[in-house]
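A short write-up of the structure that comes next.
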Amino acid sequence: MKKNIYWFVILLILIGCAGITKIPDPDSSEARLFTEKCTGCHSLPHPKRHRFHEWVHFVKLMEEHMEKRNTSLSQEDKNIILGYLQKYAR
């Protein structure tokens, strides 16, 4: 499991370096929260990078990663971020 998370983090870093930096509706409160919470450890992934069901899985993995770093994502923030991702996922 630890090895899978390692590769997942590496993948996110590589994706972040792919040059997609402009996200949809960047001035919305949802996009700002997504940016704030999802750039603590890696570059900001574009919402179209995955389908919504994939995002649900990745957000869960990131929650587990955040807990290991003694940080957390509130249920309200999680719902807002998932709503944003659902709206703009591919």
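The values are calculated or read from the model by the stated rules, or taken from the named source; none is laboratory data. The structure displayed is predicted, hence computed values, not measured ones. Quick reminder, even Gly has a Cβ in these numbers, built from the backbone with ideal geometry, and neighbours come from all protein chains shown. What goes into the accessible areas is simple: the full protein's heavy atoms, side chains included, and nothing from ligands, DNA or RNA. Shrake-Rupley method; radii C 1.70, N 1.55, O 1.52, S 1.80 Å.
Yes or no: T21 in contact with a Leu (Cβ under 8 Å, 6 or more places away or on another chain), over 17 Å from A89 (Cβ atoms) and either open to solvent by 70 Å² or more (accessible area, probe 1.4 Å) or modelled with pLDDT of 95 or more (or both)? Yes.
Results for (1) under 13 Å from F8 (Cβ atoms); (2) among the hydroxyl-bearing types (S, T, Y), shown as yes or no for each residue.
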residue: T35; (1), (2): no, yes
residue: C41; (1), (2): yes, no
residue: K48; (1), (2): no, no
residue: E54; (1), (2): yes, no
residue: H57; (1), (2): yes, no
residue: R69; (1), (2): no, no
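Within segment 35-57, how many residues turn out to be touching a Leu at 6+ places or on another chain (Cβ under 9 Å) and either aliphatic (A, V, I, L, M) or not in a loop (DSSP other than H, G, I, E, B) (or both)? Break it down stepwise before answering.
First pass over segment 35-57, keeping only residues touching a Leu at 6+ places or on another chain (Cβ under 9 Å): 35, 37-38, 41-43, 45, 47, 50, 52, 55-56.
Okay, now just the ones that are also either aliphatic (A, V, I, L, M) or not in a loop (DSSP other than H, G, I, E, B) (or both), so 35, 37, 47, 52, 55-56.
The total comes to 6.
Scanning segment 58-75 for residues that are assigned to a loop (DSSP other than H, G, I, E, B) and not polar (S, T, N, Q) yields a count of 2. Of the residues screened, S43 is not one that is farther than 20 Å from N4 by Cα and small (G, A, S).
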